[in-house]
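**Student:** So that we are looking at the same thing, I have put the structure below in structure tokens.
The values are calculated or read from the model by the stated rules, or taken from the named source; none is laboratory data. These numbers were taken from a predicted model, which means no experiment stands behind them. Here the Cβ positions follow ideal geometry from the backbone for every residue, glycine too, while neighbour counts run over all protein chains shown.
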Amino acid sequence: MTALLLKYLPELGENATLFSLQTMLMAGALPAYSTPPPSLQAAYQAQPDLARFHLEPKDYLKPALTATLLGALPRC
């Protein structure tokens, strides 16, 4: 994955591996949040304000990766 990133974003340089690992970590962690367990669903129903903490991967992944990418790019 690092080689692919460097092909399209050579400015990442040595940070390409870090960005690659962060991407896999975020993408791997999000499925646990996409379908909350029954106890958490019950908490959402009992206290609707808690539902704002529910993450939809499609809504979260792009901004999270963008923020990570901006942090990985070298400063000029």
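**Student:** Look through the range 17-59, keep the residues that are in a loop (DSSP other than H, G, I, E, B) and either modelled with pLDDT under 85 or acidic (Asp, Glu) (or both), and return whichever of them is nearest to the chain's Cα centre (by Cα). I'd like the intermediate steps shown before the answer.
**Tutor:** Taking the range 17-59 as the starting set, the residues that turn out to be in a loop (DSSP other than H, G, I, E, B) are 30, 35-37, 47, 54-56.
From what's left, either modelled with pLDDT under 85 or acidic (Asp, Glu) (or both): 30, 35-36, 54-56.
Numbers: Leu30: 7, Thr35: 16, Pro36: 17, His54: 14, Leu55: 10, Glu56: 11 Å.
Within the range 17-59, the match that is nearest to the chain's Cα centre (by Cα) is Leu30.
**Student:** Name every residue in the range 30-76 that is under 18 Å from Leu12 (Cα atoms), surrounded by 14 or more Cβ atoms within 10 Å (Cβ to Cβ) and not hydrophobic (A, V, I, L, M, F, W, C), in order of residue number.
**Tutor:** Within the range 30-76, Thr68 is the sole residue that qualifies.
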